[in-house]
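Data block below; observations after.
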Amino acid sequence: MQLNSAPSLSYDLQQWSQGYQSQPHEYDYWIEDIEGEIPQDLDGTLLRNGPGLLDIGGYPIAHPFDGDGMVSAIAFRGGRAHYRNRFVRTQGYVEEQKAGKPLYRGVFGTQKPGGWLANLFDLRIKNLANTHIIYWGDRLLALWEGAEPHRLDPQTLETLALDHLDGLLKPGQAFSAHPKIDPYGDRTNPCLVNFSIQPGLKSQLTIWELNRNGQPLRQSTHEIPGFCFIHDFAITPQYYVFFQNPVSFNPFPFFLGLRGPGECINFDRQNPTQVWVIPRQGNQPIKKIEVNSGFVFHHVNAFEEGNQIVVDSIGYESFPEVEPGSDFRYTDFNQLAPSQLWRFRLDLNHKRGDNAPHRWRDRQLLESRCCEFPQIHPQWVGKSHRYVYLGAAHHHQGSAPLQGILKRDNQSGETQFWSAAPHGFVSEPVFIPQPGSEGEDEGWIVSVVYESQKHRSDIIILDAQNLERGPTARLHLQHHIPYGLHGSWISN
Ligand code: 3ON
Ligand code: FE
């Protein structure tokens, strides 16, 4: 018996990288090729967003986050399912498809052809509309954290226009791609909470709460010292929680046409993460709490417990910096540290009433397996959640592509895992509550799985109470969907 031997890879890198081929076509069809049965009470639409093009007229893009947004809608009704996808007709997409080549630079390193001279001092960035898709206040919105949302037609997915939320957003103003829905927003009705960052030497953070009709309930603006790269946040009934990752920004390589702005972000290992705890109402002061250095894109959830706020997040050892010139299609996962599930406890009592930093060193690793894209039951946002669902690597150790769905029970510490390895690669799991149910895990997990051997994607439906039984239904699409980012469920 060999001890300490590295487990054999659960995937083939070449097969994995095929999931990053462009999908230039737009489809509209009933899904006929189905294994198992779609639950009759699964009634609504799964919306997904993500980069649809990984090249522009044959010019490869530098990073998947630079890909033009493509929205897929999988509509379920009466045990049947319909698929449709459309590119978001952003100004950049329309112009570039006409020109057959990149006309804009991307945040993560995509350059216009012609070398640095062709890119020098061109500081325009295209709004990609590629990160999330939500339906709120009677609007279907494709989100991208660097600028305002695009509004789409919910029936056809046609792009209608940029949307400034009835004048709430200034032209070009950011509206993050991670809004939270507070199930008890204005006492009884849910509300949507989102933020905007205007980065600089000092950064401006604006937070909105919108009622069910999309009208503002509350708005506040805060000045945060230093550069901010904040992708996501968390809410509790009383607070907004922001993790300001320890990064700095040197814009000169961007100005000089050498790098994208996302490649000008440096991780400052020696600095802690600053957590900003901002009261949602009243004029209590903002609290700054310092926690261990590290980088967070996504939070699972947060909740209040006595004088503490508990925040569960996916933590990276550092910002996964992109080496200029490296090809993401051949990512060497062995060189990467895994992203893992952590629990932070923030002590609100520390020096009540002042902003003195509180250095806090204790954080707890909940799950060491490499994971990303956390989801919970939507009714538990801001409350102590028992279950979390994640995309996760097949093996317990090391960094690897996401090939399975992991469910963790925070009460017992037990996990369930369903894997699509060796040929399948999963996307974000979306939790869909079963209509009429109350249990926290009563519902389904739906995810898009890229089946590399067939170069096609499946939609899988798992029973959230028992992931290990495997998919209740597997819907075979006629084509692939490139690896995506986020999505949501809209019930009928
Ligand atoms: O000054 C700059 C201006 C600007 C527009 C600052 C800046 C770099 C923060 C910025 C824009 C940032 C943007 C647009 C960020 C977009 C991020 C994005 C599209 C996606 C992030 C995804 C995160 C994760 C963790 C994805 C994981 C994926 C997998 C594990 C596998 O597929
Ligand atoms: Fe995200």
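The values are calculated or read from the model by the stated rules, or taken from the named source; none is laboratory data. Just so it is clear, the model here is predicted, and its values are computed rather than measured. Because the Cβ atoms are built from the backbone with ideal geometry, glycine has one as well, and the counts that use them run over all protein chains shown. Heads up: the accessible areas ignore ligands, DNA and RNA and are worked out on the full protein's heavy atoms, side chains in. Shrake-Rupley method; radii C 1.70, N 1.55, O 1.52, S 1.80 Å.
As a summary of the residue check, ALA393 satisfies the conditions (1) away from ligand 1 (no atom under 16 Å from the Cβ); (2) under 16 Å from VAL426 (Cα atoms); (3) not polar (S, T, N, Q) except for the one numbered (1). Scanning the range 17-59 for residues that are outside any loop (DSSP other than H, G, I, E, B), in contact (Cβ under 8 Å) with a residue 60 or more places away in the chain and surrounded by 15 or more Cβ atoms within 10 Å (Cβ to Cβ) yields a count of 11.
When each of GLN244, GLN238, GLN219, GLN215 is tested for being open to solvent by 10 Å² or more (accessible area, probe 1.4 Å), in contact with a Lys or Arg (Cβ under 7 Å, 6 or more places away or on another chain) and not charged (D, E, K, R), the lone residue that passes is GLN238. Considering (1) out of contact with any helix residue (DSSP H, G or I) (no Cβ under 7 Å at 6 or more places or on another chain); (2) closer than 26 Å to PHE373 by Cβ, the lone condition that GLY109 does not fulfil carries the number (1).
Filtered by the rule that a residue be over 16 Å from GLU148 (Cβ atoms), at pLDDT 95 or above and either in a loop (DSSP other than H, G, I, E, B) or within 20 Å of the chain's Cα centre (by Cα) (or both), the range 194-206 gives a lone residue, LEU205.
Pull up the range 155-169, narrow it to residues that are polar (S, T, N, Q) and touching a strand residue (DSSP E or B) at 6+ places or on another chain (Cβ under 8 Å), then point me to the one that is surrounded by the most Cβ atoms within 10 Å (Cβ to Cβ). Once the filter is applied, the top-ranked residue is THR159.
No other residue among GLY167, GLY172, GLY114 is over 17 Å from the mean Cα position of the chain (by Cα) and either within 15 Å of ligand 1 (Cβ to nearest atom) or among the hydroxyl-bearing types (Ser, Thr, Tyr) (or both) apart from GLY172.
Quick check, is ASP441 surrounded by fewer than 16 Cβ atoms within 10 Å (Cβ to Cβ) and either within 16 Å of ligand 2 (Cβ to nearest atom) or within 24 Å of HIS299 (Cβ to Cβ) (or both)? Talk me through it step by step, then tell me what you get.
Details: surrounded by fewer than 16 Cβ atoms within 10 Å (Cβ to Cβ): no; either within 16 Å of ligand 2 (Cβ to nearest atom) or within 24 Å of HIS299 (Cβ to Cβ) (or both): yes.
For ASP441, the condition - surrounded by fewer than 16 Cβ atoms within 10 Å (Cβ to Cβ) and either within 16 Å of ligand 2 (Cβ to nearest atom) or within 24 Å of HIS299 (Cβ to Cβ) (or both) - is not met.
Checking the condition open to solvent by less than 40 Å² (accessible area, probe 1.4 Å), over 20 Å from the mean Cα position of the chain (by Cα) and closer than 30 Å to ALA393 by Cα, which residue from GLY325, GLY260 passes? Give the derivation first.
Working: GLY325 fails: open to solvent by less than 40 Å² (accessible area, probe 1.4 Å).
Step by step, each of GLY325, GLY260 is checked, and only GLY260 is open to solvent by less than 40 Å² (accessible area, probe 1.4 Å), over 20 Å from the mean Cα position of the chain (by Cα) and closer than 30 Å to ALA393 by Cα.
Among the residues that make up the range 230-240, is at least one of them modelled with pLDDT of 95 or more, farther than 23 Å from VAL300 by Cβ and more than 16 Å from ligand 2 (Cβ to nearest atom)? Checking the range 230-240: not a single residue is modelled with pLDDT of 95 or more, farther than 23 Å from VAL300 by Cβ and more than 16 Å from ligand 2 (Cβ to nearest atom). Looking across the range 213-250, the residues that are under 22 Å from GLY294 (Cα atoms) and part of a loop (DSSP other than H, G, I, E, B) come down to GLY226, PHE227, CYS228, PHE229, ILE230, HIS231, ASP232, PHE233, ASN245, PRO246, ASN250.
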